[in-house]
1. If you average the C-alpha positions of the range 19-64 and of the range 246-300 separately, how far apart do those two centres end up, in angstrom?
2. Counting Lys and Arg as +1 and Asp and Glu as -1, each charge on the Cβ, what is the dipole of the chain about the Cα centre in debye, to the nearest 20?
3. Can you tell me the relative contact order of the chain? Whole percent, Cα pairs under 8 Å, sequence separation 6 or more.
4. Using the heavy atoms of the protein chains alone and a 1.4 angstrom probe, what is the accessible area of the chain per residue in square angstrom?
5. Can you tell me the length gained on complete extension of the stretch Ser97 to Thr69, counting 0.36 nm per residue apart and subtracting the Cα distance?
6. Taking the chain as the reference, fit the longest principal axis to its C-alpha atoms, fit the long axis of helix 66-77 to the helix C-alpha atoms, and give the angle between the two in degrees, 0 to 90, nearest 10.
7. Can you tell me the dipole magnitude for the range 166-224 around its Cα centre, using point charges on the Cβ only (Lys, Arg +1; Asp, Glu -1), in Debye to the nearest 20?
8. On the protein heavy atoms, probe 1.4 angstrom, tell me the percent of accessible surface of the chain carried by carbon and sulfur.
Amino acid sequence: MQRNPQLNEKGELQHLLSIEGLPRAILLQILDTAESFVGVTEREVKKVPILRGKSVFNLFFEPSTRTRTTFEIAAKRLSADVINLNINASSQTKGESLLDTVANLSAMQADIFVVRHESSGAPFLIARHVKPHEHVINAGDGRHAHPTQGLLDLYTIRHYKKDFAALTVAIVGDILHSRVARSLIHGLTTLGVPEVRVIGPQTLLPTGVEALGVRVFHDMREGLKDCDVVVMLRLQNERMRGALLPSAQEYFKHYGLNADKLGLARRDAIVMHPGPMNRGVEIDSTVADGPHSVILPQVTFGIAVRMAVMSIVAGN
């Protein structure tokens, strides 16, 4: 049987490329480790020496503010040296290949590469060519995966809801272009969530999405009924080809989350969003800023989750 490229010979996490295919035990190890780091972020001195002397290279071939910043904060809190590469001003624009870029950085004694790339599979390619002591963390590749976002969503759900085994989770919106949705669905099903729903128009759902173990709804009111967790997704306009939607106003009318629609979910339901939010398109401000929203805590938990991932891979 072919070994999972993310795991070493002992079955430990060597790279984080995708939640898909990771054993339940490793997902729980990451969530439990993150829990121990949440306390660090609340201390006066927010540092631990776990990655002292290690170099973390942030390779972002696609724009990002939230993800890149939280990876940088996480690495610094672990006492690592952090190098942010401005790809637009790098040799990539002069025609240097992706693997040449990585090989040159490797020669500068890199330990961890955090990679965001517009091409699905790019972090997997890099992971196949790095040295045994080097680690690759996928910070989002094409439409494929965004594992640390999926993990911080799982952490947030567990923090507020405790037990995965009794939950109904709805993921709403642009599933087709969302690497976050794919990562989260794989994580939820692996951790035993009995019902994962996807809600959206036919044009924004992947063909055969049911094969991932989800229930499909095109009517938002029907899909939100009795949900414990509602995850709203951003409309990925930059990845859309052709007219998949009539208008933003029409989309909000049918698939935007307002207080009225949220009233169909359970009374203690939480509302999540990976950000950045388009207010008035996917979500109404009264909900985004309301008592059910855990959107800002998600960002805070993201630092602890990324600290956990880096500390685990660097220790293996």
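The values are calculated or read from the model by the stated rules, or taken from the named source; none is laboratory data. The model shown is predicted, which means the values in this text are computed figures rather than measured ones. Ideal geometry is used to build each Cβ from the backbone, glycine not excepted, and the neighbour counts take in all protein chains shown. The accessibility values were calculated without ligands, DNA or RNA, using every heavy atom of the protein model including side chains. Shrake-Rupley method; radii C 1.70, N 1.55, O 1.52, S 1.80 Å.
1. Result: 27 Å between the Cα centres.
2. Numbers: 35 positive and 32 negative charges, 63 e Å.
That gives the chain a dipole magnitude of about 300 debye.
3. On the way: 581 pairs, mean separation 65.2, N = 316.
Taking the mean separation of contacting Cα pairs over the length of the chain, I get 21 percent.
4. That works out to 44 Å² per residue.
5. Working: separation 28, 0.36 × 28 = 10.08 nm, distance 2.54 nm.
This chain segment gains 7.5 nm when fully extended.
6. Approximately 50 degrees, to the nearest ten.
7. Working: 5 positive and 5 negative charges, 28 e Å.
Roughly 140 debye, rounded to the nearest 20.
8. Working: 6980 of 13790 Å².
Whole-percent figure for carbon plus sulfur exposure: 51.
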